[in-house]
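Novice: Here's a structure for you.
The values are calculated or read from the model by the stated rules, or taken from the named source; none is laboratory data. Since we're looking at a predicted model, the values are computed, not measured. Note that each Cβ is placed from the backbone with ideal geometry, even for glycine, and that neighbours are counted across all protein chains shown. Side chains included, ligands, DNA and RNA excluded: accessible areas come from the protein's heavy atoms. Shrake-Rupley method; radii C 1.70, N 1.55, O 1.52, S 1.80 Å.
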Amino acid sequence: MKFFVDTADLAEIRDLAQTGLLDGVTTNPSLIAKSGAKILDVIAEICSVVDGPVSAEVAATDYDTMLKEGRHLAKIAPNVTVKVPLTVDGLKTCKALSAEGTMVNVTLCFSASQAILAAKAGATFISPFVGRLDDIGQDGMGLIDEIVQIYNQYDAFTTEVLVASIRHPIHLVESAKMGAHVATLPPNVIRQLYNHPLTDKGLSGFLKDWAATGQSILDQ
Ligand code: G3P
């Protein structure tokens, strides 16, 4: 399973890249706005830190302008993945950019029927938003289960399921159990994955007992 981080914060990306566990980055217009940076600059910078796919979202809603924006973004670096919304024009743009060899992430997916359309349009990734479905009392993880099952029925569907709008570690664990290919996680959720109180308690017990021996591994 691949881990992407869902942020445009370069300090966070640099820090998480050092763990060696980061496979890519996703951004969206809200995250770019939060970063306060210019989109082309920040995407170029992220691509110089992370080798894997880096999603950069178009801002237009009509096919012609989306295609132009997508091509412009794709020129930044070979690992740029153009993100398009799940609309008629977005999927037309997806089809055109995929045919040109550009990776495309189809975002704002909230139903299995939308995910089928994205796969048919040749998307590299489909991004179903689990947290936002949970927020309105619907079953976010149920949607992931459905999409993974559907995609597994067809060899021709090569689109990877990229679980987005993740709010907590359980979303990640459930996604892994279902066989989702990728999860994009906010930085704080990535950090939560490491934590368990018994790990902290156990480590402090080991350190205390070790100190009492007076030994040093490197001196032996
Ligand atoms: O980048 C898309 C998605 O992960 C957004 O998440 O938390 O704004 O619902 P959120």
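Novice: If you scan segment 97-120, which residues turn out to be out of contact with any Ser or Thr (no Cβ under 7 Å at 6 or more places or on another chain) and either on the phi > 0 side of the Ramachandran plot or open to solvent by less than 20 Å² (accessible area, probe 1.4 Å) (or both)?
Specialist: Within segment 97-120, Leu97, Gly101, Leu108, Ala112, Ala115 qualify.
Novice: Continuing with the same structure: Looking at (1) within 16 Å of the ligand (Cβ to nearest atom); (2) open to solvent by 20 Å² or more (accessible area, probe 1.4 Å), which is the only condition Leu143 fails?
Specialist: Unmet condition: (2).
Novice: Every residue in segment 161-179 that is away from the ligand (no atom under 15 Å from the Cβ) and touching a residue at least 60 places away in the same chain (Cβ under 8 Å), please.
Specialist: Scanning segment 161-179 gives a single hit, Ala176.
Novice: State the number of residues belonging to segment 1-38 that are within 16 Å of the ligand (Cβ to nearest atom) and free of Cβ contacts under 8 Å to residues at least 24 places away in the same chain.
Specialist: 2
Novice: With (1) in contact (Cβ under 8 Å) with a residue 24 or more places away in the chain; (2) within 16 Å of the ligand (Cβ to nearest atom) as the list, and Asp51 as the residue in question, which single condition is left unmet?
Specialist: Checking Asp51 against (1) in contact (Cβ under 8 Å) with a residue 24 or more places away in the chain; (2) within 16 Å of the ligand (Cβ to nearest atom), the one that fails is (2).
Novice: Just the residues that are open to solvent by 30 Å² or more (accessible area, probe 1.4 Å) and farther than 30 Å from Ala17 by Cα, please, taken from segment 46-71.
Specialist: Correct list: Thr61, Asp62, Tyr63, Asp64, Thr65, Lys68.
Novice: If you don't mind, another one. Taking Leu162 as meeting all but one of (1) part of a strand (DSSP E or B); (2) open to solvent by 70 Å² or more (accessible area, probe 1.4 Å), write down the number of the exception.
Specialist: Result: Leu162 passes all but (2).
Novice: Here is a further query. Tell me, please, whether a residue that is modelled with pLDDT of 95 or more, of a type outside the set (Val, Ile, Thr) and closer than 19 Å to Ser165 by Cβ can be found in segment 43-54.
Specialist: yes
Novice: Only one residue in Gly90, Gly137 is of a type outside the set (Asp, Glu), within 16 Å of the ligand (Cβ to nearest atom), open to solvent by 60 Å² or more (accessible area, probe 1.4 Å) and over 16 Å from the mean Cα position of the chain (by Cα). Which one?
Specialist: Just one listed residue meets the conditions, Gly137.
Novice: Give Gly142, Gly122, Gly137, Gly101 a once-over and let me know the one that is part of a helix (DSSP H, G or I) and either free of Cβ contacts under 8 Å to residues at least 40 places away in the same chain or not charged (D, E, K, R) (or both).
Specialist: None of the others qualify; the one that does is Gly142.
Novice: What is the number of the single condition among (1) away from the ligand (no atom under 15 Å from the Cβ); (2) closer than 30 Å to Ile32 by Cβ that Lys208 does not meet?
Specialist: Lys208 satisfies every listed condition except (2).
Novice: Within the set of pairs 6+ apart or on separate chains, which have a first residue in segment 74-89 that is hydroxyl-bearing (Ser, Thr, Tyr), a second that is open to solvent by 20 Å² or more (accessible area, probe 1.4 Å) and outside any loop (DSSP other than H, G, I, E, B), and C-beta atoms under 7 Å apart?
Specialist: Filtered contacts from segment 74-89: Thr81/Met103.
Novice: Could you check, for segment 53-73, whether at least one of its residues is within 20 Å of Ala11 (Cα to Cα), in a helix (DSSP H, G or I) and charged (D, E, K, R)?
Specialist: no
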